[in-house]
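Reviewing the structure listed below.
The values are calculated or read from the model by the stated rules, or taken from the named source; none is laboratory data. Quick caveat, the model's predicted, so the values are computed rather than measured. Quick reminder, even Gly has a Cβ in these numbers, built from the backbone with ideal geometry, and neighbours come from all protein chains shown.
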Amino acid sequence: MKKMTKTQAIHERTEKIIPGQHSNLPGYELFSPVYITHGKGSRIWDIDSNEYLDFMSGLGAGILGYGHEEYLDAVKKQLDNIYYMDPARRSPLEIEVAEKLHKYVPSAQRVRFLLTGTEAVQLVIRLSRAFTGRNLFIRFDGHYHGSMDNVLGGNVNTDLEGPPYGFDMKGDIFATLGRDPHALRQSFKIPWNDIEFLKKVLEKYGEQIALILMEPVNCNGGSCWPKPGYLERVRELCDKYGIVLCFDEIITGFRMGLGGAQSVLGVVPDLTTFGKAIAGGIPFSAVVGRADIMDLMTKSPKVICAGTFNSYPLGLAAANATIGILEKDDGALYKHWDTVQARLTEGFKEIAVRHGFKMLLQFVRGCIFYQFADLTVAHNMGDWMPVSDHVRQEKLRSGLVEEGAFIIFRGRWFVNSSITNEDVDLALEMTDRVMKRIK
Ligand SMILES: Cc1ncc(COP(=O)(O)O)c(C=O)c1O
């Protein structure tokens, strides 16, 4: 009889007690179970000592890669031991990190810290409602804003006869059992990068909208960039109708630069969320924004932002260490990262072409997206989704895992800054072999 691997043995134990994957959005069930014991740079090892290249990077949180010594030392140096905060006592690290965000992020007149991206988005919704006295918000197809009932999934709605709520219907991969039936009636879900459509929605409903919520570059929907002038026009419309504009920079933040996408694209939102990479993989998030909105948390009656772990010292120390490394030597790490990532994207494209595949490839630093599709650019998810060969895309993903490299399903790669030319060359050799097999 074939001996059971350690992975099979631990998986049997796990399945008996733990119901489903620890984060169970659809798609992750495509992966066979792998139990990781440790990592270094862009490489990880499982309990059976198999080595993998990792292009999932903790879903983008691990911006510095694994076992980054400077980061670990900096975190340890800031904390003699783990200590706890409560609302009556604060850590001096809190102002250090807040001042860094204030320095780099154009919208950060005020800063507050929480634990996860999901919570940060919910605080933004509450602040916007309090500020405007309105209830509805607008979100967009392909944009992800966390796992709460009011932002998870819902199909895009282009019917302007009635309010364009995003209904939970067939084909919505984020449909969840147990959702409050009213939750999707808090927001409209419309196509992104389509200013004429947004204008029409606002002509009808502008006075009822508290917030427009979007990823400034739509990383979750295919690393789609805003069309020239789109964000500027959205900004003008928000000003015209008195709507709060929030950029959800939970992916773009610290990846596109220390000031987020807004510092690259030159449009300043009223509120911004940061999470994932902000603390190099330790749970931490932030909401930053305009003083008059954020100060609603200090007035009476006020906007409540409560949390046992808000501004906890380990998260603060980790954020301080991460930003410290990213800002060092005038952002030298970003320059190195760009060079190595370009080797990967150019090589990947060249291999696809050589094997006769038409490929869409678009990216920001650290978040690459591809599909087998005859497109040079996609402006939103609606552009690539109907014309992509999803079966071949999944064959490439699972083939890469067999070869020893993890990428995310639906064509996404999170490339962290520890990636080396050697890692890239290895990944390209694997890609070449898999593409040959899936022709
Ligand atoms: C843009 C964006 N916003 C919000 C979230 C939710 O963050 P978290 O998973 O930390 O709750 C995510 C997570 O993937 C995200 O990509």
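So that you can scan it fast, the table gives a plain yes or no per residue for (1) farther than 30 Å from Leu59 by Cα; (2) surrounded by fewer than 16 Cβ atoms within 10 Å (Cβ to Cβ); (3) over 19 Å from the mean Cα position of the chain (by Cα):
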{"site": "Gln186", "(1), (2), (3)": "no, no, yes"}
{"site": "Asn193", "(1), (2), (3)": "no, no, no"}
{"site": "Lys200", "(1), (2), (3)": "yes, yes, yes"}
{"site": "Asn220", "(1), (2), (3)": "no, no, no"}
{"site": "Val234", "(1), (2), (3)": "no, no, yes"}
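Pick from segment 263-272 the residues that are of a type outside the set (Gly, Ala, Ser) and over 26 Å from Leu360 (Cβ atoms): which of them is nearest to the ligand (Cβ to nearest atom)? Explain how you work it out, then say what you get.
Kept after step one, since they are of a type outside the set (Gly, Ala, Ser), are these residues of segment 263-272: 264-265, 267-272.
Then drop every residue that is not over 26 Å from Leu360 (Cβ atoms), which leaves 268-272.
Working: Val268: 18, Pro269: 14, Asp270: 17, Leu271: 13, Thr272: 11 Å.
Among those that are of a type outside the set (Gly, Ala, Ser) and over 26 Å from Leu360 (Cβ atoms), it is Thr272.
Might you let me know whether segment 194-201 holds any residue that is more than 29 Å from Val288 (Cβ to Cβ) and either touching a residue at least 12 places away in the same chain (Cβ under 8 Å) or of a type in the set (A, V, I, L, M, F, W, C) (or both)? Scanning segment 194-201, I find at least one residue that is more than 29 Å from Val288 (Cβ to Cβ) and either touching a residue at least 12 places away in the same chain (Cβ under 8 Å) or of a type in the set (A, V, I, L, M, F, W, C) (or both), so the answer is yes. Going by the structure shown, is Gly67 touching a residue at least 24 places away in the same chain (Cβ under 8 Å), surrounded by 11 or more Cβ atoms within 10 Å (Cβ to Cβ), on the phi > 0 side of the Ramachandran plot and in contact with a Phe, Trp or Tyr (Cβ under 8 Å, 6 or more places away or on another chain)? The answer is no for Gly67. If you go through segment 22-59 and keep only what is on the phi > 0 side of the Ramachandran plot and of a type outside the set (Ser, Thr, Tyr), you end up with Gly27, Gly41, Gly58, Leu59. Scanning segment 305-322 for residues that are of a type outside the set (Ser, Thr, Tyr), in contact (Cβ under 8 Å) with a residue 24 or more places away in the chain and part of a loop (DSSP other than H, G, I, E, B) turns up Cys305, Gly307, Phe309, Asn310. Residues in segment 230-248 include none that are in the same structural domain as Ala319 (by TED's automatic domain parsing), within 16 Å of the ligand (Cβ to nearest atom), out of contact with any Pro (no Cβ under 9 Å at 6 or more places or on another chain) and at pLDDT 95 or above. Candidates Arg134, Arg112, Arg139: the one that is farther than 23 Å from Tyr312 by Cβ and within 16 Å of the ligand (Cβ to nearest atom) is Arg139.
Looking only at residues of segment 285-333 that are over 23 Å from the mean Cα position of the chain (by Cα), of a type in the set (S, T, N, Q) and farther than 25 Å from Val268 by Cα, we find that the one that is modelled with the lowest pLDDT is Ser300.
Of the strands (runs of 3 or more DSSP E) lying entirely inside segment 202-296, the ones with 1 or more residues being acidic (Asp, Glu) are found at 244-248. Has segment 121-135 got any residue that is buried (at least 18 other Cβ atoms within 10 Å of the Cβ) and outside any helix (DSSP H, G or I)? Yes: segment 121-135 contains one or more residues that are buried (at least 18 other Cβ atoms within 10 Å of the Cβ) and outside any helix (DSSP H, G or I).
Any residue that is surrounded by fewer than 16 Cβ atoms within 10 Å (Cβ to Cβ), within 16 Å of the ligand (Cβ to nearest atom) and touching a residue at least 40 places away in the same chain (Cβ under 8 Å) - is there at least one of those in segment 147-159? No, there is no match, as no residue in segment 147-159 is surrounded by fewer than 16 Cβ atoms within 10 Å (Cβ to Cβ), within 16 Å of the ligand (Cβ to nearest atom) and touching a residue at least 40 places away in the same chain (Cβ under 8 Å). Evaluate segment 140-147: report whether one residue or more is over 30 Å from Pro33 (Cα atoms) and in contact with a strand residue (DSSP E or B) (Cβ under 7 Å, 6 or more places away or on another chain). Yes, segment 140-147 has at least one match. Taking each residue of segment 398-419 that is without any contact (Cβ under 8 Å) to a residue 60 or more places away in the chain and looking for partners that are among the basic types (Lys, Arg) and surrounded by fewer than 24 Cβ atoms within 10 Å (Cβ to Cβ) with beta-carbon atoms closer than 7 Å, six or more apart or interchain, yields Gly399/Arg437; Glu403/Arg433. Could you list, in sequence order, the residues of segment 283-312 that are among the β-branched types (Val, Ile, Thr), more than 15 Å from the ligand (Cβ to nearest atom) and under 19 Å from Thr116 (Cβ atoms)? Within segment 283-312, Val303, Ile304, Thr308 qualify. Looking across Gly280, Gly260, Gly275, one residue alone is small (Gly, Ala, Ser), modelled with pLDDT of 95 or more, more than 12 Å from the ligand (Cβ to nearest atom) and crowded, with 21+ Cβ neighbours inside 10 Å. It is Gly280.
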